[in-house]
Amino acid sequence: MKTLIRLLAGVTSRFPWPVLAATLVLTVVFAGLASTLESASGQEGFSPDSEEIRASERISELFGDSSTSSVLQVILVEEGGDVLTREALEVVAALEEGIVASDAGEVISDRPDEPGIISYLAPVQQAMAAQGLTVEDLPDDATVKQLYADALASAGPELGFASQLVPEGSGDTPEIGMVLVFVDTTTDIDDQIDREVAVADAVREVDETTSLEVSPFSFALLFGDQDDFLGEVAELFTLAFAIIVVILLFVFWVSPIGTTTRLASARRMLADTSVVMLTIVLVVLWMNGVGALLQRVGVLGPLTEVAQIVPILLVGLGVDYGIHLTSRYRDEVGAGRTVDGGMRTAIGTVGVALVLATVTTAIGFLTNIVNPIPALRDFGVLASVGIVLSFVLMLTFVPALRIVLDRRAQDGDRLPREGLGATRDRLLPELAGRTSVLAERAPVPTLIVALILGGFGYLGLSNISTEFSFTDFLPEDSPVVLTLATIEEAFGGGFGETTQVLVEDAELTDPEVFNAFGEVAAALGDTPDVLTVSTPEGPVASATSPATVVQQLLLPGPDGTPAAPGFAEAALAAGYDPQTGRIAGDGDVEALYAAAREVAPERTEAVLAFDDGTPVAALIAVDTQAGDDRALELRDAIVEDATTLTDAGASIAITSNAIIPAGIVESLSDSQIASLFITLIAATLVLMLTFWIENRRPFLGVLTMLPVALVVLWTFGLMYVSGIPFGPVTATLTGLAVGIGVPYTIHMARRFEEDRLRYATVGEAIRETTRNTGGALAGSAFTTAGGFGILITSTLVPFQQMGQVTAYAIVLSLVGALLVLPSLLVLWEGWHRRRGEPVVEKETVSVA
C-alpha cells in the first residue's frame, strides 16, 4: 500500500500538468456519459425480489392491460358544510361531463360491470333519470336528500356501493363525498401517469368553478411530479455546497503572522477552498458518468430517489479528504519543506490513511449489495463509486493543481509559509488538544461510560420501528399528499386499492375448482378491509372472479331482458345452477367458460388467461382498503379465505400496491441488523490486516473500529429517542456512520503511530495527536455537518430525517475519535510499554 501511495505521490509531483490534462479529458467524457443516466419513478427500484412482485409481473404477462382498471379518486369537500346538496349535484354532473369531454375521455373505462365513473350521488342521479327530473326541477337540498334516502332503500349492488362513498356515520349531511373514475391501464408506467394526470387536469378545471373543494388523487399522480423531487435535490445540493464553502473559508483561513499579510491569507483561503470544491464537482460528474456505464452493463438500474441523494453525501464525505490532505500539506510547507517535497510527504502520510478510509467506507456501502431492495443495492454501488473517485481525485487532481499554483508562488517567494505553519495554533486544534485530558487521566471511566451508552443504543436499535411510504418522497404540503391524508382519515384508506389473487397450477376446468371460486368470494365477505356492496341478500365482497363473471352475465339488463342473450341456455347445458352459483360435479366448465368468452370476451379474459382455448390461470380482483399498515394482515386473511382453492390443488399468489410497500418494510427490517454486522466485521478485518502488514500490530485495527461500532449504536439510540423510524433513506445509516467514523479514527490511529515514536511519554503523544489531527477532524465535522444539516430544511420527510441522523453520526463520530479512541490508545500503548517494548526517542526519528 505504501509503495502504491509513494508511486502516486511521485507521479503527481513530477508530472502535475499531464495529471491535470488527463483529468480534464476524463471529465469531458464522464460529463457526456452522465447526461444518459436514467432515473426511476414510482415503485420501480424499491421492490424486492419477492413473491408479490413476481405475482404482479406474472399478472401483467398473462392478463396484460385487461386485468384491472386504475381508480382515480375525486373528493368533494365542504368544510363544516354539506355535500348532499343541489350545488354538489351540479358539480358532480360537471365533473362527469368535463372528464368525458376532455382528452382523458378516451381512456375512461366503460364496461358493463364497471361504469367509467361512479359518484356518491349516483342514487340521486338514477332516481332523477327514472322520474325524468333535472337539477332545476329540484326545489331545495332537502329534495336531494329525500331522493338519496329513497334510492338507497331499494338499492341494487351498484347503488349500495355508492353509499360507501361518503364517510360512515355522516348521516344526511356529509362534509365529504367521493367520485371514482376508472381509467384503462397500460403496462407503460409513464403513459399511465400521463393518462391519470389528464383526468386530474379535467377535475381541477371544475374545481376552479365552484365553492366546493374538488381534489383528485391516485398513486400515479404521486409520481407525476418527479421534476419537483429532482428540483428539491438540486436545491439542497446547491445549499449544501454554499454552506460548506462558507465553513471551508473558516477552516482554511491562514493566520496573517510574520511575512504573511492579510491579503495573502485571504488569497490562500479562497484558493484552497476553490480547489477542494471544484474537485467535489468533478467527483459528482465522474460518478454520474461511471453510473451511466454501470447502467449500460446492467450493474445499476434506473436511479431512485435514494440514489439521487448520493451527490449530497459526497459533498460531505469528499470534503473530508481535501481537508486532511490540505492540512498536512500546510504543516509540511510551513515547516520549511519545498512544495514538491511537502506534497509528497502529505500524500505519503495522509494518503495511506485515506486508502484505508476509502476501502472501509466502500465496504460499508457495498454491504447493501446483499440488501433485497434494488434501490438500496444501487445506492450502495453508486456511493462506493463516488467515495473511490473522491479518493482518486483528491490524491491526484488536488495535489497536481496545488503544486502548479504553489510552484509559481514559491519561485516568486510569495508562499505564506509562516501563516501555513501556524495552523496548529488556531482555535479548533487548541480545543481538540484539550480533550486529551480524559485519555490521560481517566481512560477507564471514559470507556465505561461509552460502553454503557452503547448498551442503551443497542436497546434503541432493537426497538426502532421500520416504516416506508412512497408519499415520503413528496413534500408534506403537496396537494396530492394532502388529498390522500383526507381520504385515509375519512374512508379508512379509500377505494383505489385492488388486491389481486393469481391462481395457477390447477385444473381450472374442474367443477371443484370452479365452485371453490364462489366459496372464496363468500369467505371474503366478512374479511376485514375487504369492501362490500349491499344486495337484497345482504352485503357481498366487492370482488371479481370467474364465478362472479358467470353470475353477472346471467343478470337481466335495465329493460329486464337477458344482458347476454343465449348465455343462460349454455350455462344450464353446462350444468350450472343459477340459484346456488355452483356447477354440477359432472358439469362442463370448459364449455361454460367458452360460452362466457363468446358473449363477453373482455370480461372473461380479465379473469381467465387462455392458451389455445384452455384456461391456464385465473385472477381474483378484490376491492380493499387495508393501506400499508394492514396490508400484510389482509394478505394472510385472504390466504385463509382461499383454502378451498389450495385444497383443490391450486397455487395462489397475492399482490397489491399496498402489499408491495409492506413487503419492502419487512425486507428492510430483516436486513438492517445483518448489514450492520457485515459492515463492522468486514471493515475490522481490513484494518487488522493492514496494521499487521505495516507494524505487526493487528489489534490496532480492532481498536480503530471499536469507537465506530459505538457510534453506530449511539446513533440508532438517538434515532429511537427522536422517533425517527428505519426506512429506505435511514437504512443508509450503517454505511454513512462507517463512512464518517472510520476516516476519523484511522487518521487519529495513524497519527498516534507517528507521535508515539516522536515523544517520550504516552501523554505527550496523545496530546499532539489530538491537537494536530483532532483539529482537522473538527474542521471536517463542521463541513460535513453543514452539508448534511441543510437536509433538515427539506420539505421531504426522509431528507429531514437523514439530515438529523447524519448530524447525530457526525457529532458522535467526532466524540468517538477524540474521546473514546485516545483512551483506548493510551491504555494499549501503556500496556506495550510496560511489557518493555522499545520506544524510539524523539531525537532519532524523522517526520519526513
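Remark: region 615-629, residue by residue, has Karplus-estimated 3J(HN,Hα) of x, 10, 7, 10, 9, 10, 10, 10, 7, 9, 8, 6, x, 5, 5 Hz, where x stands for each Gly or Pro and the curve is 6.51 cos²θ - 1.76 cosθ + 1.60 at θ = phi - 60°. Only one item in [x] 188; [y] 269; [z] 278 matches volume of the Cα convex hull per residue in Å³ derived from the coordinates shown, and that item is [x]. Here region 582-656 is described by how far its Cα atoms reach on the three principal axes: 42, 27, 21 Å, from widest to narrowest.
For region 19-28, putting each phi into the Karplus relation 6.51 cos²θ - 1.76 cosθ + 1.60 with θ = phi - 60° gives couplings of 4, 5, 5, 4, 4, 4, 4, 5, 5, 4 Hz, in residue order, rounded to whole numbers and with x for Gly and Pro.
Heavy-atom accessible area for K2, with the other protein chains in place and a 1.4 Å probe, reaches approximately 80 Å². Accessible surface for E694 stands near 60 Å², nearest 10, in the context of the full protein assembly shown (1.4 Å probe). Per-residue surface analysis assigns F237 an accessible area of about 50 Å², computed on protein heavy atoms at 1.4 Å probe radius.
Solvent-accessible area of the chain (1.4 angstrom probe, protein heavy atoms only): carbon and sulfur portion equals 57 percent.
Residue-wise HN-Hα couplings along region 789-800, as the Karplus relation 6.51 cos²θ - 1.76 cosθ + 1.60 with θ = phi - 60° gives them from phi, are x, 5, 4, 4, 7, 5, 7, 9, 4, x, 6, 4 Hz; Gly and Pro carry x.
Mean residue ellipticity at 222 nm from the helices of the chain, using -39,500 (n - 2.57) per DSSP H segment of n ≥ 4 over the full residue count, to the nearest 500 deg cm²/dmol? Numbers along the way, then the final one.
Working: 33 runs with 525 residues, N = 848.
Theoretical 222 nm ellipticity from helices: -20500 deg cm²/dmol.
The amide H of I257, built 1.01 Å from its N in the peptide plane, has G419 as neighbours under 5 Å, considering only residues 5 or more places off or on other chains. Across region 572-624, the mean sequence separation of Cα contacts (distance under 8 Å, 6 or more residues apart), normalised by length, yields a relative contact order of 19 percent.
With a 1.4 Å probe rolled over the protein heavy atoms of all chains, the accessible area of Y720, Y148 falls in the order Y720, Y148, largest first.
In what sequence, largest accessible area first, do R407, R635 appear using a 1.4 Å probe?
My answer, sorted largest first, is R407, R635.
Remark: the L270-V25 segment gains 85.7 nm on full extension, using 0.36 nm per residue and subtracting the alpha carbon distance. Between the listed residues A149, A653, L553, the Cα displaced farthest toward the positive end of the dipole of the chain, a dipole computed from Cβ unit charges relative to the Cα centre, is found at A653.
Only one residue of H832, A40, L7 has its Cα farthest out toward the positive end of the dipole of the chain, where Lys and Arg carry +1 and Asp and Glu -1 on Cβ, and that residue is H832.
What separates the Cα centres of region 261-294 and region 322-348 is a distance of 18 Å.
A straight chain from R262 to H832 at 0.36 nm per residue would run longer than the Cα-Cα distance by 200.5 nm. For region 698-772, the Kirkwood hydrodynamic radius comes to 14.0 Å, computed from all pairs of different C-alpha atoms.
Under a 5 Å amide H cut-off, with hydrogens placed 1.01 Å from N, F610 pairs with V616 among residues at least 5 apart or on other chains. Per residue, the chain exposes 40 Å² of solvent-accessible protein surface, assessed with a 1.4 angstrom probe and all protein chains in place. For T466, the amide hydrogen comes within under 5 Å of the amide hydrogens of F726, counting only partners 5 or more places away or on other chains and with H modelled in the peptide plane.
Identify, among T715, G575, T446, the residue whose Cα sits farthest towards the positive end of the charge dipole of the chain, taking +1 on the Cβ of Lys and Arg and -1 on the Cβ of Asp and Glu, with the dipole about the Cα centre. Sorting the options by dipole projection puts first T446. Each Lys and Arg Cβ is given +1 and each Asp and Glu Cβ -1; about its Cα centre, the chain then shows a dipole of about 9680 debye.
Counting only protein chain heavy atoms and rolling a 1.4 Å probe, the accessible areas of I243, I53 rank, largest first, as I243, I53. Would you mind pulling out the separation of the Cα centroids of region 773-809 and region 562-591, in Å? If we compute the Cα centre of each part, the gap is 68 Å.
Rounded to the nearest 0.05, what FRET efficiency do L482 and E51 have when you use their Cβ-Cβ distance and R0 = 41 Å? Let's see the in-between values first.
Working: r = 34 Å, r/R0 = 0.82.
Approximately 0.75, to the nearest 0.05.
The values are calculated or read from the model by the stated rules, or taken from the named source; none is laboratory data. For clarity, every value in this text was computed on a predicted model and none was experimentally measured. Glycine gets a Cβ as well: all are built from the backbone with ideal geometry, and neighbour counts include every protein chain shown. To get the accessible areas, we keep the full protein, side chains included, count just its heavy atoms, and leave off ligands, DNA and RNA. Shrake-Rupley method; radii C 1.70, N 1.55, O 1.52, S 1.80 Å.
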